[in-house]
1. When C:SER103 is evaluated against the numbered criteria (1) of a type outside the set (A, V, I, L, M); (2) assigned to a helix (DSSP H, G or I); (3) farther than 30 Å from C:VAL166 by Cβ, which criterion, by number, is the only one it fails?
2. I'd like to check something: does the range B:85-108 contain any residue that is buried (at least 17 other Cβ atoms within 10 Å of the Cβ) and basic (Lys, Arg)?
3. Kindly evaluate B:THR302 against the criterion of being away from chain A (no Cβ under 14 Å) and surrounded by fewer than 20 Cβ atoms within 10 Å (Cβ to Cβ).
4. Would you check if C:ALA230 is within 25 Å of C:ILE125 (Cα to Cα) and either more than 14 Å from chain A (Cβ to nearest Cβ) or at pLDDT below 90 (or both)?
5. Any idea which of B:LEU285, B:LEU251 is at pLDDT below 85, buried (at least 23 other Cβ atoms within 10 Å of the Cβ) and more than 19 Å from B:GLU148 (Cα to Cα)?
6. Hey, among A:ALA94, A:ALA102, A:ALA86, which residue is surrounded by 18 or more Cβ atoms within 10 Å (Cβ to Cβ), assigned to a helix (DSSP H, G or I) and within 14 Å of chain B (Cβ to nearest Cβ)?
7. With the checklist (1) within 14 Å of chain C (Cβ to nearest Cβ); (2) surrounded by fewer than 18 Cβ atoms within 10 Å (Cβ to Cβ) in hand, flag the one item A:ASP31 doesn't pass.
Amino acid sequence: MANLVEIRDLKVEAKTDSGRTVEIIRGVSFDIAEGEIVALIGESGSGKTTIALTLMGYARAGCRISKGSVLFADKDMAAISEKSRASMRGTKVAYVPQSAAAAFNPAQTIMEQVIEVARIHKLMPMDEARVRAVDLFRALALPNPDTIGSRYPHQVSGGQLQRLSAAMALIGNPKLVIFDEPTTALDVTTQIEVLRAFKSVMKKKGIGGVYVSHDLAVVAQIADRILVLKNGEVQEIGTTAQILSAPKHPYTRELLGAFKPASYASHVKAADASSKVPILEVHDVVAGYGPLKSNGQPTILALKSVNLKLEQGRNLGIIGESGCGKSTLARVIAGILPPFSGSVCFDGKELSADARGRTRDELRKLQIVFQFADTALNPAKSISDIVGRPLAFYHGMGGGDREARIDQLLDMVHLPRALKHRQPSELSGGQKQRVNLARALAAEPQLILCDEITSALDTVVAAAIIDLLKELQRELGLSYVFISHDLSVVQAICDEIAVMYAGEKVAQMPPSAMGSQDSHPYSRLLFSSVPKLDPAWLDSLERDPELVRAFSKL
Amino acid sequence: MNTQILSLVFKRLLVAIVTLLIVSFAVFFATEMLPGDVAEILLGQAATPEAVAGLRTAMHLNDPAILRFIRWLYGLATGDLGISYANNMPISHLIGGRFVNSLKLAAVTALFSVPIALTLGITAAMLRGSLYDRIVTTITIAVISVPEFMVATSAVLIFAVYLKWLPALSFANEVHSFGELLRVFAMPVITLSFVISAQMIRMTRAAVVETLNTPYVEMALLKGASRRRMVLKHALPNALGPIVNAIALSLSYLLGGVIIVETIFNYPGIAKLMVDAVATRDLPLIQTCAMIFCLAYLFLITLADIIAILSNPRLR
Amino acid sequence: MAHFALSPRRFGYRFNVVGMIGFAIILFWALIAIFGPFLTPYPIGEIVDFDYFGAMSSKFWMGTDYLGRDMFSRILMGARYTVGISLAAVMISCVTGVVLGMSAAVIGGWFDTALSRFLDALNSIPSKLFGLVVVAAIGSSIPVLIFTLAVIYTPGCYRFARALAVNINTMDFVTVARARGERIGYLICSEIFPNIVGPVLADFGLRFVFIVLLLSGLSFLGLGVQPPNADWGALVRENIGGLPFGAPAVMFPSLAIASLTISVNLLIDNLPQKIRDRSVV
């Protein structure tokens, strides 16, 4: 088979703030055969999206292709004129963006934008394009294919928009489609339908693809070959089966290793713990947002009567999809959002609903760590000020004592002491999350609420953070409430898992019981939707359509 | 149009009405602080205490301030604007023709500057970073940074002193021919146009640049759309709300500019009337003029906000 | 545009030529405002030339005014009024606006609503009109001018600071501080203020320009600084009669205003930028 794409020694430069030029893609070469799907995988900053965009002869503002060639159907996309590039875009090579919600023009109907490619390139009469679009909607398993096109982008859900953007890419009958993390923003139960739709359309039409993702399991389902990238360089290229079963490069092995976390249970066994007073109890909590109704209830209810219990030294995972109320629960426990009714007990004592009504010691024992380390650290302060504040606030420490303790805390989270005088913006994502933890530890808490703390991190970095949490628990006897949408992360650290759906806790079980036949139908659905590293997983997966209809937001 | 938009617009109108009340309150009491007794001022120094007391009663000056405020507000609402202190004429009489003159000036300026400013603002945004863009941006910053009277004096220096195209100061009350009309309006309109165009260009450019940076414009590029199509079909329809908003806001700068321009060119408009009233401390006249200005200003900024609400496609 | 790197490795800042020119002119006028009275070649009130609206000469660098007084001396003294009054007014309005804005954002609730409503209403009076009415009511003196200008621009400062503070207030580090049990004073001073200080300073500069323009406008209308004193706006008013002959007495005060306001704008648009370049650090 002839090669559709041949990339040779591709280099891309970017300009930094200070006007320096930095090479972000450093000599990448690979081929794509006709009808083949190649995945580009790597962590953030590895250059995977940049490479994918060069296939369209495009580099984002501030970047430029400095060297090498991108041969697409024997035309060098890096060298041809902007006009000839434009004539290829949409007809030969098309793009499916990460966030379809942002990539649709809010002022035009969906149909108008889907058939725009046909209009720009005068591919066919508009009526024919509309018929074709409806066919594509049907092939992509969209609901109401005949009428969905007349809606505006804000009137359809995220999963639907993602598939509509695929229809937009496919309308011009391209030879190659670039998928840029198309399912990353979706919930797992939604992701499956979208992935299936993509896969079946691509196979049926024999279209080649570039699938950009950070998630090996997702890529395993759809790609023929996988390209592992790091810092703008190719680490390893191989068929999907070879990469998954016999990785050659150490970095690939590291990626795979991070994907299979060892299951873990805290050293405190359930039997020992039950005799003591639970460290955290949540009783019938009802909470929400928005203006209050006449009965004092908020208009939007995020939590509808939730009960939880956690014993000292043990870990509770809370999982659920976006909007299920898991973060609201963390805010209620921390006293940031006072609930409408219900109570939170800590160590047997009922806490005031509002953090302002709690004693300093109560506040100290219960700390919260947030998802985005970028926004959780004050960018105007140094690391030592950030970590030192709880020391001064809770323990009245100052001067040399405080400095010594800050050093200790940085050691505990495995950060070099030299970082003390840096500002958060000078740290990497993983380092920031460690500072975030160090600040919580400075209070000497008994319980830490972790709200999606690994979700914004790359797989390898996230795995290291989980290891750190386990180590801290062994040393300090902490308890964690671990909130996440990522089942594998929760499985890696928790003794008990609570599943939330639409503001209610639908089930609670040990990780080993997850997905068993007698568990709650929603937790079964959720569990079965998590992609596995097995290329045959998606094709062999059978889901009860009743269940999908009942719980997913398609 | 759906109920959500209606309720937002309704809320905005309500806010405007409340604001108007607060503003009229402020205007009334600010002018009430005038030192000296109005009755004494009116009757002159030779007046007997009895005459002053009589006038005070006749003018209800002994009533509590709040009562006078309500009476004044009622008068405004029913078109009874009161009597000028300075020349004993009904204020509605004094204002009538002057108001029309000012409106004419504003209308001609708007007609002249809106198309020019929009063209310059949109093209500058499209050619962002080019020499053309930099020249337009630099000139707008320069015009925004100098006082209106300097724009006016520069216009006089250029067009009247050096080029001798126009008379330095225009005051003809009677306009007989198109040529005269042009002469009367030219200088004030040129000055005002410069001032509000600069504002409008700046805001329009910012609005278009913002939409050009959105992911859906990038998406259009990746669909193979031409630059023209990206701007006309994707960026402009979404920038329309902010642009119309910018027009309404810029027109509100007319009000500040008009005070200076009417004074400097001796133009018989309402702003000149008000500046003169301040000089003679003609209380009711100041109050009425101030209210007219506030009303116009409030109308424009409320209009700008309502346009912003209506143009949000997500509320459709 | 030319970039002048001030040894970036050491300072981590970049300041370009345009910004430096702006800064130099501002510094120049600030020094004139302080030392002006010691530099005037002639007493400012004295008629030194028989000719009125005299042209520029080696004796009178900027010509003479409508009475034959030395313009150069009068402009040096005018700097004191224009810069001094504007600076005092902008300080009052920015401090008040920023403190109120941050408090409103952090405290929220009815305090925020009532304050915002009131200040928005104040903002719906065109600034020149407001000045006109107040000056008509109380009469013009320097304290009244400073106070009026400050009141006019406080709502704008408030709005700006509040919008910034509201954004910061939703960030997780503020939530963490609240959950830690920190008091409102700490939240405002330590968590919010350091993160809005940059934009607030830029806004300070812009508002200074607005105030200089409004003060000049009021003085031009005869409602600002009163004779025998004169700021730059009043100098233009005094000498407007020389406009038809293009007298330097009209042009120089205008140019002085323009040089100050344009420099401030140039400085704000070209502020020293901290280099966010991780590999250099």
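The values are calculated or read from the model by the stated rules, or taken from the named source; none is laboratory data. Everything numeric in this text was worked out from a predicted model, so none of it was measured. Every residue, glycine among them, receives a Cβ derived from its backbone with ideal geometry; neighbour counts consider all protein chains shown.
1. (3)
2. yes
3. Details: away from chain A (no Cβ under 14 Å): yes; surrounded by fewer than 20 Cβ atoms within 10 Å (Cβ to Cβ): no.
So B:THR302 fails the test.
4. Answer is no for this residue.
5. After applying the criteria, what remains is B:LEU285.
6. A:ALA86
7. Against the list (1) within 14 Å of chain C (Cβ to nearest Cβ); (2) surrounded by fewer than 18 Cβ atoms within 10 Å (Cβ to Cβ), A:ASP31 comes up short only on (1).
This table checks each residue for (1) more than 14 Å from chain C (Cβ to nearest Cβ); (2) surrounded by fewer than 22 Cβ atoms within 10 Å (Cβ to Cβ); (3) under 30 Å from A:PRO339 (Cα atoms); (4) at pLDDT 85 or above.
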{"site": "A:THR359", "(1), (2), (3), (4)": "no, yes, yes, yes"}
{"site": "A:ARG364", "(1), (2), (3), (4)": "no, yes, yes, yes"}
{"site": "A:GLN371", "(1), (2), (3), (4)": "no, yes, yes, no"}
{"site": "A:SER382", "(1), (2), (3), (4)": "no, yes, no, yes"}
{"site": "A:GLY398", "(1), (2), (3), (4)": "yes, yes, no, no"}
{"site": "A:ASP401", "(1), (2), (3), (4)": "yes, yes, no, yes"}
{"site": "A:ALA418", "(1), (2), (3), (4)": "no, yes, no, yes"}
{"site": "A:ALA443", "(1), (2), (3), (4)": "no, yes, yes, yes"}
{"site": "A:GLN446", "(1), (2), (3), (4)": "yes, yes, yes, yes"}
